[in-house]
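S.K.: Got a structure here, written out as structure tokens. Questions coming.
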Amino acid sequence: MSIPETFKNVEESSPMSRRDFLGLVAAWMAASSLGCALIGLMKFSMPALLPDIPKTFKIGRLEDYPIGSEKIFEERKVIVFRDQEGLYAMSLICTHLGCTVSKQVGQFDCPCHGSKFDAMGRVKAGPAPKPLSWLKISQLPDGKLDVNAMREVPMGTKFNIQNRVG
């Protein structure tokens, strides 16, 4: 005696057994683990350190900075000022968590957590633990000026115009 066609369809659509379900889940987990391991291995072929922006950079000549001028180097996160006494550079990186501060009239504001700094970089408000860094400016033998973002100087230190070469 053969099974009628209507009963064959019922048998095919019956729910998956627990053993089959757990086997399928185990297979998917193994495939996922293998995939993650392969992605991790592919990461080894890429360099761990990507090239960084050099921390010393040229900012031009003294003549490029008339008295009372300021110039922002966005990519370097540095601002350079010139006043009667000389040239000075300040970092635009907030000392709280490293956000980039924005220059406002007479102050700098951190958009991330609300720190405020006066025109000299001293903390006026917010969570920043210390003032903005002042950076060393020097003159190269060819007469161009150079900022070293890795070398902090005391607040108020300016590149003395009388010390300039030729």
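S.K.: Looking at 123, 101, can you tell me which residue is at pLDDT 90 or above and buried (at least 21 other Cβ atoms within 10 Å of the Cβ)?
M.R.: 101
S.K.: Do any residues in the range 133-158 that are among the charged types (D, E, K, R) have Cβ atoms under 7 Å from those of residues that are assigned to a loop (DSSP other than H, G, I, E, B), where the two are at least six apart or on different chains, and which pairs are they?
M.R.: 144/61; 146/140; 152/133; 158/85
S.K.: Please go through the range 65-122 and pick out each residue that is over 14 Å from the mean Cα position of the chain (by Cα) and among the hydroxyl-bearing types (Ser, Thr, Tyr).
M.R.: Scanning the range 65-122 gives 65, 69, 88, 102, 115.
S.K.: Return the only residue of 24, 38, 49 being part of a loop (DSSP other than H, G, I, E, B) and either modelled with pLDDT of 90 or more or not assigned by TED's automatic domain parsing to the domain that holds residue 73 (or both).
M.R.: When all the criteria are applied, what remains is 49.
S.K.: Only one of 77, 58 is within 22 Å of residue 136 (Cβ to Cβ), loosely packed, with under 14 Cβ neighbours inside 10 Å and at pLDDT 90 or above; which?
M.R.: Result: 58 is the single residue among 77, 58 that is within 22 Å of residue 136 (Cβ to Cβ), loosely packed, with under 14 Cβ neighbours inside 10 Å and at pLDDT 90 or above.
S.K.: Being touching a residue at least 12 places away in the same chain (Cβ under 8 Å), of a type in the set (D, E, K, R) and in a loop (DSSP other than H, G, I, E, B) is the filter here, so list the residues in the range 58-88 that pass it.
M.R.: 61, 75, 76, 77, 83, 85
The values are calculated or read from the model by the stated rules, or taken from the named source; none is laboratory data. Small disclaimer: the values here were computed from a predicted structure and weren't measured. Ideal geometry is used to build each Cβ from the backbone, glycine not excepted, and the neighbour counts take in all protein chains shown.
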